[in-house]
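Reading through the structure tokens given below for one structure.
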Amino acid sequence: MPSNNGYQPLTSNGQYYPPPSSSANSSLRPISLDEACADGSPPPPLQLHDKVVWISDTGPEYGVVKWLGKLPDVGSEWMAGVSFVNPVGSGTGLYNEYKLFETEMNHASLVPIVGLMKATDYLGSTARIDESFPPQKPIRRSKQKSLDTYKFYTDNKESPSSSSPPKLSTSAPSKPASPDSSRRSSSLFGSIDCPSVLGDVAPLGTQEDLTQLCGKNRGIQGHHNSCYLDATLFAMFSSTTVFESLLYRPKRADDIPEYNEVQRILKEEIVNPLRANYYVRADRVMHLRQLLERISSMRGLTSEEKDPEEFLNLLLNQILKTDPYLKLSSGLTSSLYQLFVEKDETLQLPNVQQLFDQSFLASDIKLREIPPCLIIQMPRFGAQFKMYPRIMPSLYLDITNVLENSPRQCIVCGELAEFECKECFGKFGEGLESIAFCAVCSEKSHGHKKRSKHKITKLAVPAEFAMLKNHTNIPRVTMELFAVLCIETSHYVSFVKCGSGPDSPWCFFDSMADRKGEQNGYNIPEVVAFPDLKWWLSEDGYNFLLNNKDDKMIPELPRRLLSDAYICFYSSEVLRYR
């Protein structure tokens, strides 16, 4: 047996450990296969001494599993210590001063088992695999014909060579697969093919599109707590062009080096397949998750539960650096808006418009311009705290009264408003409309002793509109709801409008609606038509809900929409293609 460099001998289950006197950090001690399964957890789908294949940019690399377990500083997924035939690893099986297995220098690598294929799966069950496996050095493939599966890199700031997997488990995707090779992908995610789709694919927007989209194995397949990301991507890209600029903006000098690769994966491996073939396999999304984890400071993107706003802030602000959607009068900018309100006990069933108005009233800020997209977080915190048991997403959101320097109507006479009084909120009408007055009506209403001490603010009215106020109508600015993310017991789903017209149909998406197999199985995503959504958000639906407060009286889809709403997405026709 080769020297163990002072470590204990290899144990019966294939593990090396340092002696008690070792200086190795115990908090980073690898968890062996036996230890990980001691609590009754099912074992991984690979076994020690299994012959496996890992796909690099230049073709398949063959190896043998020498260690199985978990690494505390990597995550909760199963890892495999592989001895590769070719020198494509790094080291001889040493990890944080712990010797896990022995092999030749630069032939060892620690790889998530999700990135490995059994040799029998790759070569076919009839292929002869013996101790000399593989019998000769594999033929190198060109990058254009490389298999489309995981390529693993070391976790450092410099880009390693494309042929070297690392001893840790961050990753980046390989080049797009050819149609023939992508049908040979691992069976870890089922047998449905998911080839990359090049070019431009329009979003879904017709009843026919929705008919094709609905059903099992539709949408984005979930994997390893990915529902937060699956539901968000489906809402952002399946049926709208609001976020299209993320797919097409050319790289700038201040962008990260991996900008083009993130954009390519997002467009060609996720968005285009979703729109063209109505299905995205989980390994495609894992490509994006692994790359984002490698190039950002956010850990756990490949295995842990996250919130959609964490992903949105990472993708929009840090990675793709899109122009902020919200520009506030305070000078701040943002891509999301969190509703902060005090609970109003008189509101039995609030809608988003009411909460939106209350939040802007309390914050004393306005929008400097019409946003192309308004992403609103409900007044709740995760799965536990909900300010209201039900919230009705408003199909249209009127933002006229939160726009800076925008003409407004007097709440009393309907003429051009010149003043605003926040203390009059709700006195002469509803919402933020109730605080705007023309000069005459402001003087009359505040001549009353009850309102004589109110603080009145003069509004800025565009000069060009003031000249034409007697010859034109005062416009209203509204935004249209196109998606709602919902959360129930840490699981995210989405309701999405299939199209941009007022009569466009709605659907419900769940990336983990069903499952095939147990621990080592895979999730089955599903899209379901929801033709009654607009009724539930109408006045008739509102009255029904007021009279039926028992959730058992409400069907599942409207119950989840109303009780679990977490983020509402609104779009504006103005500046949509900014």
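The values are calculated or read from the model by the stated rules, or taken from the named source; none is laboratory data. This structure is a prediction, so every number in the text was calculated from the model and none was measured. Cβ atoms come from the backbone with ideal geometry, glycine included; neighbour counts cover every protein chain shown. These area figures cover heavy atoms from the full protein model, side chains too; ligands, DNA and RNA do not enter into them. Shrake-Rupley method; radii C 1.70, N 1.55, O 1.52, S 1.80 Å.
Being among the acidic types (D, E), out of contact with any Phe, Trp or Tyr (no Cβ under 6 Å at 6 or more places or on another chain) and closer than 21 Å to R451 by Cβ is true of E433. Out of E244, E269, E258, E208, one residue alone is surrounded by 24 or more Cβ atoms within 10 Å (Cβ to Cβ), of a type outside the set (K, R) and over 19 Å from V493 (Cβ atoms). It is E269. The residue pairs whose first member lies in the range 542-561 and is under 18 Å from V484 (Cβ atoms), whose second member is modelled with pLDDT under 90, and whose beta carbons are closer than 8 Å, counting only pairs six or more residues apart or on different chains, are I554/N548; R559/D551; R560/E488. Screening K455 against (1) over 26 Å from L367 (Cα atoms); (2) surrounded by fewer than 19 Cβ atoms within 10 Å (Cβ to Cβ); (3) not hydroxyl-bearing (S, T, Y) leaves a single unmet condition, (1). Candidates D357, D344: the one that is open to solvent by 10 Å² or more (accessible area, probe 1.4 Å), assigned to a loop (DSSP other than H, G, I, E, B) and out of contact with any Lys or Arg (no Cβ under 8 Å at 6 or more places or on another chain) is D344. From the list S163, S125, the lone residue that is in a loop (DSSP other than H, G, I, E, B) and modelled with pLDDT of 50 or more is S125.
Is one or more of the residues making up the range 283-299 modelled with pLDDT of 90 or more and in a strand (DSSP E or B)? Among the residues of the range 283-299, not one is modelled with pLDDT of 90 or more and in a strand (DSSP E or B), which makes the answer no. With respect to (1) at pLDDT below 90; (2) open to solvent by less than 30 Å² (accessible area, probe 1.4 Å); (3) in contact with a His (Cβ under 9 Å, 6 or more places away or on another chain), the lone exception for V65 is condition (1).
Being surrounded by 20 or more Cβ atoms within 10 Å (Cβ to Cβ) and in contact (Cβ under 8 Å) with a residue 12 or more places away in the chain is true of M392. For the range 286-298, the candidate set comprises residues that are touching a residue at least 12 places away in the same chain (Cβ under 8 Å) and either in contact with a strand residue (DSSP E or B) (Cβ under 6 Å, 6 or more places away or on another chain) or open to solvent by 10 Å² or more (accessible area, probe 1.4 Å) (or both); within that set, the residue that is nearest to Q221 (Cα to Cα) is H287. Residues in the range 328-368 that are hydroxyl-bearing (S, T, Y) and either within 20 Å of L459 (Cβ to Cβ) or out of contact with any strand residue (DSSP E or B) (no Cβ under 6 Å at 6 or more places or on another chain) (or both): S329, S330, S335, T346, S359, S363.
The condition of being in a helix (DSSP H, G or I), open to solvent by less than 30 Å² (accessible area, probe 1.4 Å), without any contact (Cβ under 8 Å) to a residue 40 or more places away in the chain and of a type in the set (A, V, I, L, M) does not hold for L316. Just one of the numbered conditions (1) open to solvent by 50 Å² or more (accessible area, probe 1.4 Å); (2) modelled with pLDDT of 85 or more; (3) not hydrophobic (A, V, I, L, M, F, W, C) is not true of D364: (2).
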